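Chemist: Please find one structure pasted underneath; my questions will follow.
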Amino acid sequence: MNLFLLNIFLALGFSAVMGQLNLSGFISGFVVGYAALWLTKPLYGSANYFERLPGALALVCFFGKELLVSNLKVLWDVITPQHISRPGIIAIPLDARTDAEIMLVANLISLTPGTLSLDLSADRRLLYIHVMFLDDIEETRRQIKQGLERRVLEVMR
């Protein structure tokens, strides 16, 4: 069985036994279940669940921070009389190869205010995106590749 599903079942069971059928009970059960699975990890062989879950949490935190910062930047551009936006379209070379990896990178880019995924090249190596605040092309590419794409690939691979 997938260890993530097993962890969810352990969390549900823990929250039911403790009589806390709410979000805090589920989160507590998830942490206790994760610890129990980690202690018994020699039983599962080569499971990379214990490396992927912290990476997924890091991706969620990183995306939340980027979402907040970009929302504030777009808000500032909208409410001030001077526009600081410098829109442009750039190509980002992708290290993501599978459909799921490319889809997740492209959708997270589109969900962030100020950026929008436009197209994928025919050879699936370049992702074209529209950027609302394009001051430095290379710096923007580096931020996307070293920030978002790297974290997505850590979770997906």
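Chemist: In this structure, does residue 118 turn out to be part of a strand (DSSP E or B), in contact (Cβ under 8 Å) with a residue 24 or more places away in the chain and of a type outside the set (Val, Ile, Thr)?
Modeler: Values: part of a strand (DSSP E or B): yes; in contact (Cβ under 8 Å) with a residue 24 or more places away in the chain: yes; of a type outside the set (Val, Ile, Thr): yes.
Taking the combined requirement at face value, the residue satisfies it.
Chemist: A follow-up question, please. Can you report the number of residues in segment 111-157 which are under 12 Å from the mean Cα position of the chain (by Cα) and not aliphatic (A, V, I, L, M)?
Modeler: Number of matching residues: 6.
Chemist: Does segment 30-37 contain at least one residue that is over 30 Å from residue 133 (Cα atoms) and out of contact with any Leu (no Cβ under 9 Å at 6 or more places or on another chain)? Show your work before the answer.
Modeler: Just the residues of segment 30-37 that are over 30 Å from residue 133 (Cα atoms), to begin with: 30-37.
With out of contact with any Leu (no Cβ under 9 Å at 6 or more places or on another chain) added as a condition, the list becomes 31, 35.
The answer is yes, given that some residue of segment 30-37 is over 30 Å from residue 133 (Cα atoms) and out of contact with any Leu (no Cβ under 9 Å at 6 or more places or on another chain).
Chemist: Sticking with this one: Residues of segment 45-55 being farther than 15 Å from residue 9 by Cβ and in a helix (DSSP H, G or I), which ones?
Modeler: Correct list: 50, 51, 52, 53, 54, 55.
Chemist: Looking only at residues in segment 21-39 that are among the polar types (S, T, N, Q) and assigned to a helix (DSSP H, G or I), which one is nearest to residue 153 (Cα to Cα)? Steps first, please.
Modeler: Here is the first cut: in segment 21-39, the ones among the polar types (S, T, N, Q) are 22, 24, 28.
Adding the requirement that they be assigned to a helix (DSSP H, G or I) leaves 24, 28.
Numbers: 24: 29, 28: 28 Å.
Looking at residues that are among the polar types (S, T, N, Q) and assigned to a helix (DSSP H, G or I), I get 28.
Chemist: Then there's this: Of the residues that make up segment 56-70, is at least one in contact (Cβ under 8 Å) with a residue 24 or more places away in the chain, over 23 Å from residue 133 (Cβ atoms) and not in a strand (DSSP E or B)?
Modeler: From segment 56-70, those in contact (Cβ under 8 Å) with a residue 24 or more places away in the chain are 56, 58-59, 62-63, 66-67, 70; that's our starting set.
Add one more test, that the residue is over 23 Å from residue 133 (Cβ atoms), and what stays is 56, 58.
Right, trim to not in a strand (DSSP E or B) and you get 56, 58.
Yes, segment 56-70 contains a residue that is in contact (Cβ under 8 Å) with a residue 24 or more places away in the chain, over 23 Å from residue 133 (Cβ atoms) and not in a strand (DSSP E or B).
Chemist: A further question follows. Answer yes if at least one residue in segment 86-98 is without any contact (Cβ under 8 Å) to a residue 24 or more places away in the chain and not in a loop (DSSP other than H, G, I, E, B), and no otherwise.
Modeler: Kept after step one, since they are without any contact (Cβ under 8 Å) to a residue 24 or more places away in the chain, are these residues of segment 86-98: none.
No, segment 86-98 contains no residue that is without any contact (Cβ under 8 Å) to a residue 24 or more places away in the chain and not in a loop (DSSP other than H, G, I, E, B).
Chemist: Take the conditions touching a strand residue (DSSP E or B) at 6+ places or on another chain (Cβ under 7 Å), modelled with pLDDT of 90 or more and of a type in the set (Gly, Ala, Ser) and apply them to residue 88. Does it pass?
Modeler: yes
Chemist: Something else: For residue 42, work out the one condition from (1) assigned to a helix (DSSP H, G or I); (2) surrounded by 14 or more Cβ atoms within 10 Å (Cβ to Cβ) it doesn't fulfil.
Modeler: (2)
Chemist: Within segment 140-155, does at least one residue satisfy the condition of being of a type in the set (D, E, K, R), in contact (Cβ under 8 Å) with a residue 60 or more places away in the chain, surrounded by fewer than 20 Cβ atoms within 10 Å (Cβ to Cβ) and part of a helix (DSSP H, G or I)? Step through it out loud before you land on a result.
Modeler: Initial filter on segment 140-155 (of a type in the set (D, E, K, R)): 141-142, 145, 149-151, 154.
Applying the additional criterion that residues be in contact (Cβ under 8 Å) with a residue 60 or more places away in the chain yields 151, 154.
Filter once more, keeping what is surrounded by fewer than 20 Cβ atoms within 10 Å (Cβ to Cβ): 154.
Then keep just the ones that are part of a helix (DSSP H, G or I); that gives 154.
Yes, there is a match, as at least one residue in segment 140-155 is of a type in the set (D, E, K, R), in contact (Cβ under 8 Å) with a residue 60 or more places away in the chain, surrounded by fewer than 20 Cβ atoms within 10 Å (Cβ to Cβ) and part of a helix (DSSP H, G or I).
Chemist: Filter segment 121-139 down to residues that are free of Cβ contacts under 8 Å to residues at least 40 places away in the same chain and assigned to a helix (DSSP H, G or I) and give me whichever is surrounded by the fewest Cβ atoms within 10 Å (Cβ to Cβ).
Modeler: Looking only at segment 121-139, we keep the residues that are free of Cβ contacts under 8 Å to residues at least 40 places away in the same chain, and these are 121-128, 136, 138-139.
The next check asks that each one be assigned to a helix (DSSP H, G or I); those that pass are 138-139.
Working: 138: 8, 139: 10.
In this case the residue turns out to be 138.
The values are calculated or read from the model by the stated rules, or taken from the named source; none is laboratory data. If you're wondering where the values come from, they're calculated on a predicted model, not measured in any experiment. All Cβ positions, even for glycine, are placed from backbone atoms using ideal geometry, and neighbour counts span all protein chains on display.
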